Amino acid sequence: MITLKEALTKSQEELDALKVEMEGKAKDSGLNAYISFESTGEGIPILIKDNIQVKDWAVTSGSNILQGYVAPYNATVIENLKSKGFSAFGRANMDEFAMGSTTESSFYGVTKNPYGEDRVPGGSSGGSAAAVAGGIAIAALGSDTGGSIRQPAAYCGCVGMKPTYGRVSRFGLASYASSLDQIGPITQSVEDAAILYDAIVSYDEKDSTSSNLPIESVAKNLNANRKMTIAVIDNYISEASEDIQKAYADTVEALQDAGHTIIHKNMANTKYDIATYYIVATAEATTNLARYDGIRYGNRQEGGNLAQTFTNTRDLFGDEVKRRILLGNFVLSSGYYDAYYLKAQKVRHLIRDEFNLIFEEADLILSPVAPTVAPKIGSFHDPLEMYKSDMYTIAINLAGLPAISLPVAKDDDGMPIGLQLIGKAFNEQAVFDGAFSLEQTVNYTR
């Protein structure tokens, strides 16, 4: 598959032929990465996750409850793509309402990892990552609430970038947790990620959380020779597998050899990350998903009365979504709000403050993305095991920071190992520059 940078030089006739080729490859691949093949017309084709509104396309967030719903408008990122010479092409599979780390909760069935079809591609943007890694999409958009761009990118050996919260408009994104969600690119390379990031970033008055700070092109200013101070969190790595720990140590050494300064730090609040995230995220999800009642839109299931219609319709949610709704209602309920939700918000501030303290001395932080390589399909029998796979990514969302995942090595089975670079809020240029340098240093081979 050609890169995004190469696609910029192609004629419309060549791009139209490429769309036909992509559709054929996707159908033959058996990855179940695409769930449909709509197109918005001319431009470089970009695969779109199934929770981003594209006018006149079905958008279901991977759920049975939204079957039959057609988007009446474009998300701001889609408008931005169109204005920059890109076109939305195809819907990517995902975990239902972005709740999961494997795509196994999707109404359309699990997506397979192109590096091993018995392995998950990660989630929730698993379809986007699998399609890019499998050579059936040039690039894709995903959404990241607790690592849902970076983790599947790491599992599938491609690049996934989560912007600073507020840098990319969330207008037109089906909300999971509104204070955590961000749309971002999944691509074949750091340079492609920078190109796609530039295409979607903007201030948006339709999004009350959108930041109105100056925007400069990161792609035009990419600098692999920029030398930075990079922090490694020594107590972060201990719970990762031996393969991840070795890749991490090798990467630190490679960064030093490339002229970067490495400093060693510890973070005291990491043990609270998972609990804090799942309290905040499920509380917000409970509120956001209350609108899916079968009355206003979606797959209505009739009952003998209004209450039964609500019950029958909401029973269309999958098990993982129901689990998170129940937990969210619990932490928001009378008598438990102060003990859980309010305390989680206080800890969230502590997590952000701890990151900011490290950034007083460092430009970037190097971290694992997941504790293991992509697990096998069906291997998570306990939901808590799946939640732990997000242990290295969720703190970045709680703090609203930018981060990028890129592949650095493979294990003995040939499965990709990804690491992430985390930056200061709204300093995407440093994140991309560091990743560009790291990409050239490790010279990962697909």
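The values are calculated or read from the model by the stated rules, or taken from the named source; none is laboratory data. Because the structure is a prediction, the values reported are computed rather than measured. Note that each Cβ is placed from the backbone with ideal geometry, even for glycine, and that neighbours are counted across all protein chains shown.
A few notes on this one:
- Filtered residues of the stretch 248-266 (kept if of a type in the set (Ser, Thr, Tyr) and either without any contact (Cβ under 8 Å) to a residue 12 or more places away in the chain or in a helix (DSSP H, G or I) (or both)): Tyr248, Thr251
Table: residues versus (1) in contact with a Gly (Cβ under 8 Å, 6 or more places away or on another chain); (2) free of Cβ contacts under 8 Å to residues at least 12 places away in the same chain; (3) polar (S, T, N, Q).
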{"residue": "Val232", "(1), (2), (3)": "no, no, no"}
{"residue": "Asn235", "(1), (2), (3)": "no, no, yes"}
{"residue": "Ala268", "(1), (2), (3)": "no, no, no"}
{"residue": "Tyr278", "(1), (2), (3)": "no, no, no"}
{"residue": "Ala290", "(1), (2), (3)": "no, yes, no"}
{"residue": "Gly304", "(1), (2), (3)": "no, yes, no"}
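- Test: Ser189 is buried (at least 24 other Cβ atoms within 10 Å of the Cβ), in contact with a strand residue (DSSP E or B) (Cβ under 8 Å, 6 or more places away or on another chain) and modelled with pLDDT of 95 or more: no
- Failed condition for Ile274, given (1) of a type in the set (A, V, I, L, M); (2) in contact (Cβ under 8 Å) with a residue 60 or more places away in the chain; (3) part of a loop (DSSP other than H, G, I, E, B): (3)
- Lys271 vs. criteria out of contact with any helix residue (DSSP H, G or I) (no Cβ under 7 Å at 6 or more places or on another chain), basic (Lys, Arg), loosely packed, with under 15 Cβ neighbours inside 10 Å and closer than 23 Å to Phe355 by Cβ: yes
- Residue satisfying all of: in the stretch 359-404; of a type in the set (Ser, Thr, Tyr) and over 24 Å from Thr187 (Cα atoms); modelled with the lowest pLDDT among these: Tyr387
- Annotation: of all residues in the stretch 60-94 being outside any loop (DSSP other than H, G, I, E, B) and free of Cβ contacts under 8 Å to residues at least 24 places away in the same chain, the one that is surrounded by the most Cβ atoms within 10 Å (Cβ to Cβ) is Glu79.
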